[in-house]
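One structure below.
The values are calculated or read from the model by the stated rules, or taken from the named source; none is laboratory data. Predicted model only: the values in this text are computed from it and were never measured. Virtual Cβ from ideal backbone geometry, glycine too; neighbours counted across all protein chains shown. Calculation scope for accessible area: heavy atoms of the full protein, side chains included, ligands and nucleic acids excluded. Shrake-Rupley method; radii C 1.70, N 1.55, O 1.52, S 1.80 Å.
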Amino acid sequence: AVYAANDGTASGAIAALRAADVSPFPIVTGQDAELTALQRIVSGDQYMTVYKAIREQATIAADVATELAAGERPTGDTTVDGIPSTLLTPVAVTVKDIASTVVADGFWTVEDICTPPYAEACAAAGLE
């Protein structure tokens, strides 16, 4: 298996594994829910990616910025090394979860993911 720190690294690992004709092909994971990673997931080259809901992150960041601009000390659900923090739950996205995660959140659309080269794989995955 390849546990990559992000989807870009996963892409490079997949390219190297394909070039070396590795068989059986290992499970490859990434992070960031990049469009190309979702296409690799649909096509079966990448097993999963980690998605962090961008709207929730942005809303919390805006709240913290507003507190700081007002001279207030930001708050959080917890503290990390004495710093108020809000830790969001990352979501594993596999071919079975694409519609209920990144598509449902409006992060990517089915049209974004299911371009002509991926149309058949998308149909097989129920993304139409």
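Of note:
- Given their separation in residues at 0.36 nm each and the Cα-Cα distance between them, Ala5 and Ala99 gain 31.5 nm when the chain is fully extended.
- Put Asp7, Asp81 in order of accessible area, highest first, and with a 1.4 Å probe you get Asp81, Asp7.
- Exposure ranking of Thr66, Thr101 by accessible area [1.4 Å probe, largest first]: Thr66, Thr101
- GNM flexibility winner over the chain from Ala13, Ala99, Ala58 (Cα, springs under 10 Å): Ala58
- Candidates Ile83, Ile27, Ile113: whichever shows maximal mean-square fluctuation once the chain is modelled as a Gaussian network with Cα springs under 10 Å: Ile83
- Largest-first ordering by accessible area, 1.4 Å probe, given options Leu68, Leu88, Leu38, Leu17: Leu68, Leu88, Leu17, Leu38
- Restricting segment 50-128 to trypsin sites (Lys or Arg not before Pro) in coil, as DSSP defines it, with at most 14 other Cβ within 10 Å: Lys52, Lys96
- Of the GluC sites (Glu not before Pro) in segment 46-121, those whose Cβ has at most 15 other Cβ within 10 Å and which sit in DSSP loop: Glu72
- Spread of Cα-to-Cα distances over 10 Å intervals beginning at zero, given as percent, for segment 1-127: 13, 34, 27, 17, 8, 1
- Relative contact order for the chain: 22 percent, from Cα pairs under 8 Å spaced at least 6 residues apart, divided by residue count.
- Spin-label pair Glu72-Ala58: with each label point 7 Å from Cα along the Cα-Cβ axis, the two points sit 2.2 nm from one another.
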